[in-house]
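The values are calculated or read from the model by the stated rules, or taken from the named source; none is laboratory data. Just so you know, these numbers come straight off a predicted model, no measurement behind them. Positions of Cβ are backbone-derived with ideal geometry, glycine not excepted, and every protein chain shown enters the neighbour counts. Note: accessible area is taken over every heavy atom of the protein model, side chains too, but ligands, DNA and RNA are not part of it. Shrake-Rupley method; radii C 1.70, N 1.55, O 1.52, S 1.80 Å.
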Amino acid sequence: MFDRVQITFLAGLMVLLIIVLELVRRRKFREEYSLLWIVTVVVLLILSVWKGSLKLIASALGILYPPSALFVVGSMFILAILLHFSVVISSFKTKNQELAQRLAILNLRLEKLEEKMSGETGSNSGKVGRK
């Protein structure tokens, strides 16, 4: 029924699914990002169990050995996930840079305010001492 490649692939997918779910449970992985991985695993599980779909995809892509189509589809999903994470990281980098610039401006304003306050306190204390 299943050949060795499909059994190995099924076992690997099950391990990956368990790892993703465990990372979400331990709050090491956010749910919004885990959905991409879970969808990938589910699609690959369906394709690995339903041989007709593999034969259809393999013939459409010109692949002679249908289980190899699993690796092609899996690679496409992984590339999509990598693209998504690249967009997220780029967005975080931009936001981080903006926050660093705002923090620098606030620190400068705080230093100027502290200098102004210490200058006023110094001049006031001199007036009080003269009375």
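Residues of the range 1-23 that are touching a residue at least 24 places away in the same chain (Cβ under 8 Å) and surrounded by 15 or more Cβ atoms within 10 Å (Cβ to Cβ): Val5, Gln6, Phe9, Leu10, Leu13, Leu16, Leu17. Taking every residue in the range 64-78 that is part of a helix (DSSP H, G or I) and pairing it with any residue that is modelled with pLDDT under 85 and not aliphatic (A, V, I, L, M), at least 6 positions away or on another chain, the pairs with Cβ-Cβ distances below 7 Å are Leu70/Phe9; Leu70/Ser48. Just a yes or no: is a residue in the range 77-96 exposed (fewer than 15 other Cβ atoms within 10 Å of the Cβ) and of a type in the set (Phe, Trp, Tyr)? Yes.
Only one of the numbered conditions (1) under 26 Å from Gln6 (Cα atoms); (2) open to solvent by less than 60 Å² (accessible area, probe 1.4 Å) is violated by Leu56, and that is (2). Among the residues of the range 24-58, those that are closer than 19 Å to Thr8 by Cβ, at pLDDT 85 or above and small (Gly, Ala, Ser) comprise Ser53, Ala58.
Scan the range 24-52 for residues that are assigned to a helix (DSSP H, G or I), open to solvent by 70 Å² or more (accessible area, probe 1.4 Å) and more than 24 Å from Ile63 (Cβ to Cβ) and the total you get is 4.
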